[in-house]
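**Student:** Below is one structure. I have some questions about it.
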Ligand SMILES: Nc1ncnc2c1ncn2[C@@H]1O[C@H](COP(=O)(O)OP(=O)(O)OP(=O)(O)O)[C@@H](O)[C@H]1O
Ligand SMILES: [Mg+2]
């Protein structure tokens, strides 16, 4: 009961503290919000890239060109051979006519392919297998295996691209982490100064509190609460802005440029919220803890 | 009961403020501490409050053994004593009422108890009508009375006052001393550091004289021969 009573009194004192120093509190919140938004935005963009990577199936495809001299039997046998290589691959036979039709669809009116379609013998495309695989791991070996089959003249694939995009998104994430580190330091510094100013302004009060028998906990708690309020409020604000950025801005860019699809915000909402709250509480508690400690060890 | 046993106190800069002090103060006693400036009177009160530590000997007040009291326990030591200073040390941003109530908030007292006790002590120091004023709207004597009320409100065993009348006029000094006397009659130990020879002579209480960090006299019905 005593604890609860003290807690509410000290909670009130903490709230008073936030408003007593509203300029510095606002500065703290702004820096923290920026820090959270940068981490959040980078994280969400990287996630969107990865999501799309997995969805874009052309990345997980090997196209194998079949020797024009191969017979239907050869082709049937080869298809079985490739299918038996692994359980998580699918093999589709695409004859050169289908291939040309698909090409026409892709190209639209850019090139006139009518002439080739009219006369089968003019079709320059080879018959192909399209082999879909689910994981990039081992894709290289699969490619070698197919390439070495008789009656396969060549293969095309984008196995390397997956890795490149992965490297790029790791790079993006690294930049985000560094930016976040720097901003978090700035945020810590600003909050520390906010609370130090508060402690400094109240140093006489703190001295008197000691004379009447206030414990360290009693003295520290309002400052901790001040830090927690700043951190929590920043997290809420950043969450709101992030929601807007994601659903309006990022999604719009992705959609209007046809870069790919984007997952609904709800899918990551919890992670974003928890992450922001974590950053906010971490910064708030650490900063206020450090600022007040010096005054208590006297 | 307070006992000083061969207590010495040397400040970090090497100043020996107290030397081999032996003193016993019983519960309910009234003691004046007198002596020239720099004699070590304030140091003695700081030791009692746990603000400074003895560098030699033993100092006990009630169940607290101050020579080895952990920092964490000091707040609990302070709750057994009310302290009053020459410069009042009130919360300048709190009203008279809040200043007094604060001593109760710190110990987590119920709001209903706070509402009951604060008016009693406001009345004791005759400041009921000024409860909502801030310290800088009060005279020195009134501020010191607020400090007295705050020192008394959580019912401590003893009152330690370091030159409580240093910043008030002679008439108010007498009134404040009278107040301490009344408090003493309620059974509380009262320790008063003072320079006011006249008052010490009037009240005929125990007088401990300190010179250069040593107790040079300790008289019961006393008058002070070495003040200022
Ligand atoms: N924090 C300190 N550091 C070093 N020396 C100190 C400190 N405080 C007091 N002293 C020295 O200790 C001695 C005793 O000081 P103290 O304040 O106890 O005297 P006092 O009797 O209260 O004097 P006054 O009547 O002027 O208040 C003095 O020589 C003083 O200079
Ligand atoms: Mg002094």
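The values are calculated or read from the model by the stated rules, or taken from the named source; none is laboratory data. Just so it is clear, the structure is predicted and the values come from calculations on it, not from any experiment. Using ideal geometry, Cβ is built from the backbone for each residue, glycine included, and neighbour counts are taken over all protein chains shown.
**Student:** Could you list, in sequence order, the residues of the range B:43-74 that are within 14 Å of chain A (Cβ to nearest Cβ) and either assigned to a helix (DSSP H, G or I) or closer than 21 Å to residue B:217 by Cα (or both)?
**Tutor:** B:45, B:46, B:48, B:49, B:71, B:72, B:73, B:74
**Student:** Pull out all pairs, ordered by first then second residue, where Cβ-Cβ is under 9 Å, the residues are six or more apart or on different chains, the first lies in the range B:181-206 and is within 14 Å of chain A (Cβ to nearest Cβ) and at positive phi, and the second is within 16 Å of ligand 1 (Cβ to nearest atom) and at pLDDT 90 or above.
**Tutor:** none
**Student:** Of A:185, A:245, A:277, which residue is more than 21 Å from the chain's Cα centre (by Cα) and at pLDDT 85 or above?
**Tutor:** A:185
**Student:** Please verify whether residue B:28 is within 16 Å of ligand 1 (Cβ to nearest atom), touching a strand residue (DSSP E or B) at 6+ places or on another chain (Cβ under 8 Å) and more than 26 Å from residue B:133 (Cα to Cα), treating the condition exactly as stated.
**Tutor:** Details: within 16 Å of ligand 1 (Cβ to nearest atom): no; touching a strand residue (DSSP E or B) at 6+ places or on another chain (Cβ under 8 Å): yes; more than 26 Å from residue B:133 (Cα to Cα): yes.
So residue B:28 fails the test.
**Student:** Now a separate question. Anything in the range B:162-191 that is within 16 Å of ligand 2 (Cβ to nearest atom) and over 16 Å from residue B:87 (Cβ atoms)? List them, or say none. Break it down stepwise before answering.
**Tutor:** Applying the first criterion (within 16 Å of ligand 2 (Cβ to nearest atom)) to the range B:162-191 yields B:162-167, B:191.
Matches in the range B:162-191: B:191 only.
**Student:** How many of the residues making up the range A:190-207 are within 14 Å of chain B (Cβ to nearest Cβ) and within 20 Å of residue A:287 (Cβ to Cβ)? Break it down stepwise before answering.
**Tutor:** Pass one, the range A:190-207, residues within 14 Å of chain B (Cβ to nearest Cβ): A:198, A:201-207.
From the residues that got through so far, the ones that are within 20 Å of residue A:287 (Cβ to Cβ) too are A:198, A:201-203, A:206.
Qualifying residue count for the region: 5.
**Student:** Since residue B:142 meets every condition but one in (1) within 16 Å of ligand 2 (Cβ to nearest atom); (2) surrounded by fewer than 22 Cβ atoms within 10 Å (Cβ to Cβ); (3) away from every other protein chain (no Cβ under 14 Å); (4) not in a loop (DSSP other than H, G, I, E, B), which condition does it not meet?
**Tutor:** Here residue B:142 clears every test but (1).
**Student:** Take the range A:84-97 and flag every residue that is exposed (fewer than 14 other Cβ atoms within 10 Å of the Cβ) and over 26 Å from residue A:121 (Cα atoms).
**Tutor:** Once the filter is applied, which keeps residues that are exposed (fewer than 14 other Cβ atoms within 10 Å of the Cβ) and over 26 Å from residue A:121 (Cα atoms), the range A:84-97 yields A:84, A:87, A:88, A:90.
**Student:** Moving to a separate point now. Would you pick out the residues in the range B:174-204 that are surrounded by 14 or more Cβ atoms within 10 Å (Cβ to Cβ), over 15 Å from the mean Cα position of the chain (by Cα) and closer than 21 Å to residue B:124 by Cα?
**Tutor:** Scanning the range B:174-204 gives B:174, B:175, B:203.
**Student:** Now for a separate question. In the range B:80-92, which residue that is farther than 14 Å from residue A:207 by Cα and facing chain A (nearest Cβ under 10 Å) is farthest from ligand 2 (Cβ to nearest atom)?
**Tutor:** To start, the set of residues in the range B:80-92 that are farther than 14 Å from residue A:207 by Cα comprises B:80-82, B:86.
Now drop any that are not facing chain A (nearest Cβ under 10 Å), which leaves B:80-82.
Values: B:80: 22, B:81: 17, B:82: 18 Å.
Applying the filter and picking the extreme gives B:80.
**Student:** Something else: Given the options B:6, B:93, B:22, name the one that is out of contact with any strand residue (DSSP E or B) (no Cβ under 8 Å at 6 or more places or on another chain) and either within 25 Å of residue B:217 (Cβ to Cβ) or part of a loop (DSSP other than H, G, I, E, B) (or both). Before the answer, list the steps.
**Tutor:** On the way: B:6 fails: out of contact with any strand residue (DSSP E or B) (no Cβ under 8 Å at 6 or more places or on another chain); B:22 fails: out of contact with any strand residue (DSSP E or B) (no Cβ under 8 Å at 6 or more places or on another chain).
Answer to the selection: B:93.
**Student:** Here are some residues: A:6, A:50. Which one is at pLDDT below 85, in a helix (DSSP H, G or I) and surrounded by 19 or more Cβ atoms within 10 Å (Cβ to Cβ)? Give the steps one after another, and end with the answer.
**Tutor:** Values: A:50 fails: surrounded by 19 or more Cβ atoms within 10 Å (Cβ to Cβ).
None of the others qualify; the one that does is A:6.
**Student:** Out of all the residues in the range B:21-42, which are surrounded by fewer than 18 Cβ atoms within 10 Å (Cβ to Cβ), more than 14 Å from residue B:80 (Cα to Cα) and either more than 16 Å from ligand 2 (Cβ to nearest atom) or within 14 Å of chain A (Cβ to nearest Cβ) (or both)? Don't jump to the end; show me each part of the working.
**Tutor:** Pass one, the range B:21-42, residues surrounded by fewer than 18 Cβ atoms within 10 Å (Cβ to Cβ): B:22-24, B:26-29, B:36-38.
Still in the running and more than 14 Å from residue B:80 (Cα to Cα): B:22-24, B:26, B:29, B:36-38.
Across the range B:21-42, the qualifying residues are B:22, B:23, B:24, B:26, B:29.
**Student:** Has the range A:117-125 got any residue that is under 36 Å from the mean Cα position of the chain (by Cα) and at pLDDT 80 or above?
**Tutor:** If we filter the range A:117-125 for residues that are under 36 Å from the mean Cα position of the chain (by Cα), which is where we start, we get none.
No - not one qualifying residue is present in the range A:117-125.
**Student:** Of all residues in the range A:208-261, how many are more than 14 Å from chain B (Cβ to nearest Cβ) and either crowded, with 21+ Cβ neighbours inside 10 Å or in a helix (DSSP H, G or I) (or both)? Outline the logic, then answer.
**Tutor:** First, the residues of the range A:208-261 that are more than 14 Å from chain B (Cβ to nearest Cβ): A:223-261.
Narrowing further to those that are either crowded, with 21+ Cβ neighbours inside 10 Å or in a helix (DSSP H, G or I) (or both): A:223-256.
Going through the range A:208-261 one residue at a time, the tally reaches 34.
**Student:** Taking the criterion of being surrounded by fewer than 22 Cβ atoms within 10 Å (Cβ to Cβ), without any contact (Cβ under 8 Å) to a residue 40 or more places away in the chain and not in a helix (DSSP H, G or I), would at least one residue in the range B:156-169 satisfy it?
**Tutor:** Scanning the range B:156-169, I find at least one residue that is surrounded by fewer than 22 Cβ atoms within 10 Å (Cβ to Cβ), without any contact (Cβ under 8 Å) to a residue 40 or more places away in the chain and not in a helix (DSSP H, G or I), so the answer is yes.
**Student:** A further question on this structure: Which of (1) within 12 Å of ligand 1 (Cβ to nearest atom); (2) more than 25 Å from residue B:73 (Cβ to Cβ); (3) touching a residue at least 12 places away in the same chain (Cβ under 8 Å) is the odd one out, the single condition residue B:18 does not satisfy?
**Tutor:** For residue B:18, the failing item is (2).
**Student:** Hey, among the residues in the range B:115-139 that are surrounded by 17 or more Cβ atoms within 10 Å (Cβ to Cβ) and part of a helix (DSSP H, G or I), which one's farthest from the other protein chains (Cβ to nearest Cβ)?
**Tutor:** Of everything passing the filter in the range B:115-139, B:130 is farthest from the other protein chains (Cβ to nearest Cβ).
**Student:** Given the options B:180, B:176, B:199, name the one that is within 16 Å of ligand 1 (Cβ to nearest atom) and in a helix (DSSP H, G or I).
**Tutor:** Values: B:180 fails: within 16 Å of ligand 1 (Cβ to nearest atom); B:176 fails: within 16 Å of ligand 1 (Cβ to nearest atom).
So the residue among B:180, B:176, B:199 that is within 16 Å of ligand 1 (Cβ to nearest atom) and in a helix (DSSP H, G or I) is B:199.
**Student:** Also, I was wondering about something else. For the range B:95-108, what are the residues that are touching a helix residue (DSSP H, G or I) at 6+ places or on another chain (Cβ under 8 Å), under 18 Å from residue A:8 (Cβ atoms) and more than 8 Å from chain A (Cβ to nearest Cβ)? Please lay out each step first, then the result.
**Tutor:** Let us first name the residues in the range B:95-108 that are touching a helix residue (DSSP H, G or I) at 6+ places or on another chain (Cβ under 8 Å), namely B:96-97, B:99-106, B:108.
Subset that is under 18 Å from residue A:8 (Cβ atoms): B:101-102, B:104-106, B:108.
If the condition is that a residue be touching a helix residue (DSSP H, G or I) at 6+ places or on another chain (Cβ under 8 Å), under 18 Å from residue A:8 (Cβ atoms) and more than 8 Å from chain A (Cβ to nearest Cβ), then B:101, B:104 are the ones that fit.
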